[in-house]
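Each remark here refers to the structure printed beneath this line.
Read-outs: derived from the displayed coordinates by stated rules, not from any lab. Keep in mind the model is a prediction, meaning the values are calculated, not measured. Here Cβ is always computed from backbone atoms with ideal geometry, including for glycine, and neighbour counts include all displayed protein chains.
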């Protein structure tokens, strides 16, 4: 029985949210809609995903120099380089449960050491795209990376993850989780990794 259950598990690789977003929205210059770099003289503006950014900032481009420090839309330093931000990676293992729920295990590396993260579910079948805590209630979907920037978390999704959904890893730059909410996108929470079946 255990061998049969294991064979039903699916393993997906995460990709950066920046790459996923840029492909989905056909950005001419692939970018991260939720992290920013200094740009002298740039006016305050509203960027992709409706995020208002302060003057002197622009969206980080995937092709920017990896050593550039990244910031929030308000100019708050995230205390990491663009290269470090984009180097996060991992896998998600999805295992259907007999009750229609799904066990979700994520194995992550390249995170900010001691950074606080949460798992959310994208709902692509909603307009606009909806987001809910992966565990359904926002209590068992949070993890803090260790000193090496690694993290492992297992939780249970109320439903099976399909192509209409995705597993989303969000970074809380304010160091706080926000229960059923992600936080203020681009300000204190930033989508970092995504895996869509």
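The strands (runs of 3 or more DSSP E) found entirely in the stretch 72-120 that carry 1 or more residues being free of Cβ contacts under 8 Å to residues at least 60 places away in the same chain are 77-81, 102-109. Count of the stretch 48-66 residues, restricted to those that are touching a residue at least 24 places away in the same chain (Cβ under 8 Å), over 15 Å from residue 19 (Cα atoms) and part of a loop (DSSP other than H, G, I, E, B), is 1.
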